[in-house]
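Working notes, beginning with the structure itself.
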Amino acid sequence: MIDFTANGGLISYFYNSGANRLNECLIALDLLGADVVRVQVERVIALFPGGVSLTVDGRNEVINSWDDGDEGLDCLLEDVDNVMFGQIEQLEEKLAQFLADNGLW
């Protein structure tokens, strides 16, 4: 999720293959205590009526249905990204510490 967000905003996580493992991502955010990040992910999840498809095609079908001129949506995604960009370094540090603490790095 970090790489997708850094290279195109959090929405790029959803329109690429990253969100195929959304459930694992949410568990990982909980394990890392990344509550601020999880809230932002949940804000985007809420944009998918009926839940987020675990396939790229399913998610992109929903994303492509969004109105390009929807200022509210644009503002929400911009706000999400602003929060996320401010959290990436801390999230990377939490992940590195978790990996070190558990002998995985």
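What to note about this one:
- Qualifying residues in region 26-48 (those that are loosely packed, with under 14 Cβ neighbours inside 10 Å and among the charged types (D, E, K, R)) - the one nearest to D67 (Cα to Cα): E42
- Of note, F4 satisfies the criterion of being part of a helix (DSSP H, G or I) and touching a Phe, Trp or Tyr at 6+ places or on another chain (Cβ under 6 Å).
- L95 being among the aliphatic types (A, V, I, L, M) and over 12 Å from the mean Cα position of the chain (by Cα): yes
- Scanning region 75-105 for residues being of a type in the set (D, E, K, R) and either farther than 16 Å from E42 by Cα or touching a Phe, Trp or Tyr at 6+ places or on another chain (Cβ under 9 Å) (or both) gives a total of 5.
- Qualifying residues in region 1-25 (those that are hydrophobic (A, V, I, L, M, F, W, C) and surrounded by fewer than 17 Cβ atoms within 10 Å (Cβ to Cβ)) - the one farthest from the chain's Cα centre (by Cα): A6
- The condition of being touching a residue at least 24 places away in the same chain (Cβ under 8 Å) and part of a loop (DSSP other than H, G, I, E, B) holds for only one of L54, L22, that being L54.
- From the list R38, R43, R59, the lone residue that is under 14 Å from M1 (Cα atoms) and touching a helix residue (DSSP H, G or I) at 6+ places or on another chain (Cβ under 8 Å) is R38.
The numbers here are math on the coordinates, done by the rules we state, and not lab data. Everything numeric here is computed off the predicted structure, so don't read it as measured data. Methodologically, a virtual Cβ is constructed for each residue, glycine included, from the backbone with ideal geometry; neighbour enumeration extends over all protein chains shown.
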